[in-house]
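The values are calculated or read from the model by the stated rules, or taken from the named source; none is laboratory data. The structure displayed is predicted, hence computed values, not measured ones. Note that we place each Cβ from the backbone using ideal geometry, even for glycine, and neighbour counts take in every protein chain shown.
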Amino acid sequence: MIDFEGFGFSGGKRISGLTIEAMHRQVTSLLTQVRSDLPLFLKGHSMGCMVLNTYLALNPEIAQRLAGVIWSAPFWGIPDFVNVDFFKKQIIKFLALHLEEFTLASGMPLHKVTRNKQFMRHAITQTKANPLSSLGLQASFLRAIDRIHANAKNVTYPYILVLGDKDVIVNNNMARAWHAKTASKVKQIRLMAGAYHELSKEPNNHVLFEATLKFMGERLVGAAPEKNLPQPFGDFKHQLVKYYEQRPILKRRKFWIILTLVVGAFVCLIKLAKRLRSK
């Protein structure tokens, strides 16, 4: 697994310049270090699933060489606690072009991350925990979600999808919708009863580990339905990897920024007036 730059215990800037598209190059760095003579499994968790899914969608020839993928609590949809409608999404995408580094608070319910109090105490007190993000990163989330669901029908690689029964940090319904649309012959979905978001830290994390090892074992021995052994990953040529073209950042125009804020405030006032009338 990759500890992405700007997250966890990795170095780098904590907020500035982070996007899903930029993280693709870190996946490439990982793949340059794998053994070519062995089958390769990749695992993603939460936002890592978003990065890996869009990377494989852009590079299907790499996806076809994988022995399998393990998806853990994937972030493939805006969670319910974040009230983002179509209008707000367009505002985020537009402002990100001008105010890419504008900082936002996620509003994440920390008590719903995991039932493991020791882990949460460590995550809150250690200096690498970061509840903030930028407009640029938020806009890249929205782009990635659209790409993930648009490409679901083209997914053919083997995978297992593990969800937390009580996970509210991500949108499980969107993950199930993606699973229903994929064309993979080997695909599994498991639900961890009572589990929150950090599946590997939950009291019943053995469900995740056992399901993952069983999936990998069945793939390595050629179990049904395919019954064919996965091939070694082979040589990886990083020069052939495709990346999303970085959208040019428009010059910051104060007029358009102010106009957008004024229009947004006006719309909010209209919605507020409607709510007051309905009471």
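If a residue has to be in a loop (DSSP other than H, G, I, E, B) and in contact with a strand residue (DSSP E or B) (Cβ under 7 Å, 6 or more places away or on another chain) to count, how many in the range 32-73 make the cut?
Of the range 32-73, the ones in a loop (DSSP other than H, G, I, E, B) are 32-40, 46, 59, 64-67, 73.
Add one more test, that the residue is in contact with a strand residue (DSSP E or B) (Cβ under 7 Å, 6 or more places away or on another chain), and what stays is 66-67, 73.
Looking only at that region, the number is 3.
Can you tell me which residues in the range 168-183 are part of a loop (DSSP other than H, G, I, E, B), in contact with a His (Cβ under 9 Å, 6 or more places away or on another chain) and farther than 16 Å from G44 by Cα?
Listed by number, the list holds a single entry, V168.
Somewhere in the range 135-153, is a residue among the acidic types (D, E) and outside any helix (DSSP H, G or I)? No, the range 135-153 contains no residue that is among the acidic types (D, E) and outside any helix (DSSP H, G or I). Scoring K93 on the criteria (1) in a strand (DSSP E or B); (2) in contact (Cβ under 8 Å) with a residue 40 or more places away in the chain leaves a single failure, condition (1).
Among all positions in the range 113-121, there is at least one residue which is surrounded by 16 or more Cβ atoms within 10 Å (Cβ to Cβ) and either β-branched (V, I, T) or at pLDDT 95 or above (or both). Residues considered: S184, S140, S134. Of these, the only one that is within 24 Å of I91 (Cα to Cα) and either touching a strand residue (DSSP E or B) at 6+ places or on another chain (Cβ under 8 Å) or not polar (S, T, N, Q) (or both) is S134.
Scanning the range 163-176 for residues that are over 14 Å from the mean Cα position of the chain (by Cα) and either buried (at least 21 other Cβ atoms within 10 Å of the Cβ) or farther than 25 Å from N204 by Cα (or both) gives G164, D167. Pairing each residue of the range 168-183 that is in the same structural domain as N83 (by TED's automatic domain parsing) and under 15 Å from N154 (Cβ atoms) with any residue that is surrounded by fewer than 18 Cβ atoms within 10 Å (Cβ to Cβ) and polar (S, T, N, Q), provided the two are 6+ apart or on different chains, yields C-beta distances under 8 Å for T182/T156; A183/N154; A183/T156.
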